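Asker: The structure is given below, and queries will be raised subsequently.
The values are calculated or read from the model by the stated rules, or taken from the named source; none is laboratory data. Quick caveat, the model's predicted, so the values are computed rather than measured. Note: ideal-geometry Cβ built from the backbone for every residue, glycine included; neighbour counts use all protein chains shown. Accessible surface areas use protein heavy atoms only, side chains included; no ligands, DNA or RNA. Shrake-Rupley method; radii C 1.70, N 1.55, O 1.52, S 1.80 Å.
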Amino acid sequence: DQITTAAGLVAELTAELKTHTYGIHSYELPATIEFKAYTTVTLLDDRASIVVALSRSGYVVTQESDPKYKRFVDMPFETLTALLSALSPAFNSAMHQALSTRLMAIAAAQQEDDDEEDGNAEDGSDDDDSKPQE
């Protein structure tokens, strides 16, 4: 969707930051300057800080506290996930861990549902597995 106001940029960046807290050390609430939303993000890897800007054209690092991130300055990224993935191996590890945790929770919930269905099926009400196959 098209972000058409500075407030919309701030809202979008704030929402994205909140959904990425598992993979960053900290962030500052965004502010706007010239129709860009800016925030400072502290990475997990080495507690280095980067300034991230969001505009209609995407996410970009505008400043860094560690020279090893210099090559990423002014490089556009379509998503905050892509930007953080490119810069931070610790973000990638945290993202994979969070995804694994979610998938295991889904699998556990599915298993509970299956166990409940198996328990209900023992009364013979709807157990297709017990019928002879033709």
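Asker: How far is helix 89-121 tilted off the main Cα axis of the chain, in degrees rounded to 10, range 0 to 90?
Answerer: 20
Asker: Based on DSSP H runs of at least 4 residues, each adding -39500 (n - 2.57), what is the mean residue ellipticity at 222 nm of the chain after dividing by all its residues, to the nearest 500 deg cm²/dmol?
Answerer: Numbers: 3 runs with 55 residues, N = 134.
About -14000 deg cm²/dmol.
Asker: For a test of understanding, tell me how many lysine pairs in the chain have Cα atoms under 27 Å apart, given they are 8 or more places apart or on different chains.
Answerer: Details: Lys18/Lys36; Lys18/Lys68; Lys18/Lys70; Lys36/Lys68; Lys36/Lys70.
Value for the chain: 5.
Asker: If you compute Cα extents along the principal axes in Å for the structure shown, which of [x] 70, 35, 27; [y] 64, 33, 28; [z] 48, 27, 24 do you land on?
Answerer: Read-out from the structure maps to [x].
Asker: Give me the distance in nm between label points sitting 7 Å out from Cα along the Cα-to-Cβ direction at Leu103 and Phe72, one decimal.
Answerer: Each label point is offset 7 Å from its Cα along the Cβ direction, giving 2.4 nm.
Asker: Hey, with R₀ at 35 Å, roughly what FRET efficiency would Thr62 and Glu117 work out to, going by the Cβ-Cβ distance, to 0.05? Display every interim value, and only then the final one.
Answerer: Working: r = 54 Å, r/R0 = 1.53.
Taking R0 as 35 Å, the efficiency between Thr62 and Glu117 is 0.05.
Asker: About its Cα centre, what dipole magnitude does the chain give when the only charges are +1 on Lys and Arg Cβ and -1 on Asp and Glu Cβ, stated in debye to the nearest 20?
Answerer: Numbers: 9 positive and 25 negative charges, 406 e Å.
Result for the chain is approximately 1940 debye, rounded to the nearest 20.
Asker: At a 1.4 Å probe radius, carbon and sulfur cover how many percent of the accessible area of the chain? Each step should come with its number before you reach the end.
Answerer: Working: 4370 of 8730 Å².
It is 50 percent, rounded to a whole number.
Asker: Ignoring trypsin sites (Lys or Arg not before Pro) that are buried or in helix or strand per DSSP, and keeping those with at most 15 other beta carbon atoms within 10 Å, what is the longest stretch of the chain between them? Please list the in-between numbers first.
Answerer: Working: sites that count: Arg47, Arg56.
Answer - 57-134.
Asker: Using the basic label-point model (7 angstrom from Cα toward the beta carbon), what is the Ala6 to Phe35 distance in nanometres?
Answerer: In this crude label model, Ala6 to Phe35 measures out at 1.2 nm.
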